[in-house]
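FYI, it's all coordinate maths here, none of it is from the lab. Treat the numbers as computed from the prediction; the structure is a model and nothing was measured. Cβ placement follows ideal geometry from the backbone for every residue including glycine, while neighbour counts extend to all protein chains displayed.
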């Protein structure tokens, strides 16, 4: 279905997290197979909106750390309010069933363009921070958009590096 990544140790304990991506189908009740992408002992996850129109999935421990960090921010700052309204308030707890599937709520599927159950989902492992679940088409569009930015950033960095290495730059 998709390629698997390499293991990296997570900061939330000894359980390994996967890095990489995998493409999975969403079944009629809106469930997606996440076994192999989440730690083996993880039975409950938090799902919420991602800012790039994807679904974010976090373990309870990662969610707790995220909420504590947001709680430590100025509660009246517009960016803090946006995070609270956009990611914390609509978050939903989801149990991973015995088959290793998590049910994505309908509102989150619509947000991510996964409401058509024939759409395949791209699971992107973000290491110890959790998973992103995208429609394959949106994920590929985002990669193309980001590639242009990355190419420009790398070109600028190479130019700065070349200028710093030239004999006249060092003095």
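List of remarks:
- Between 45, 70, 136, the Gaussian network model of the chain with springs among Cα atoms under 10 angstrom shows the greatest mean-square fluctuation at 70.
- Under the criterion of Cα pairs below 8 Å and six or more residues apart, the relative contact order for the chain equals 27 percent.
- Ordered by the number of other Cβ atoms lying within 10 Å of each residue's own Cβ, fewest first, 95, 119 fall into the sequence 95, 119.
- Volume per residue of the convex hull around the Cα atoms, evaluated for the chain, comes out as 170 Å³.
- Rounded to 10°, Cα long-axis angle of helix 136-165 versus longest principal axis of the chain: 20
- When 57, 150, 126 are arranged by Cβ crowding within 10 Å, least crowded first, meaning fewest neighbours, the order is 150, 126, 57.
- Likely footprinting exposure, 66, 86, fewest C-beta neighbours within 10 Å first: 86, 66
- Rounded to the nearest 10 degrees, the inclination of helix 60-71 to the longest alpha-carbon principal axis of the chain is 60 degrees.
- The chain - mean residue ellipticity at 222 nm from DSSP helices (-39,500 (n - 2.57) per run, n ≥ 4, rounded to 500): -10500 deg cm²/dmol
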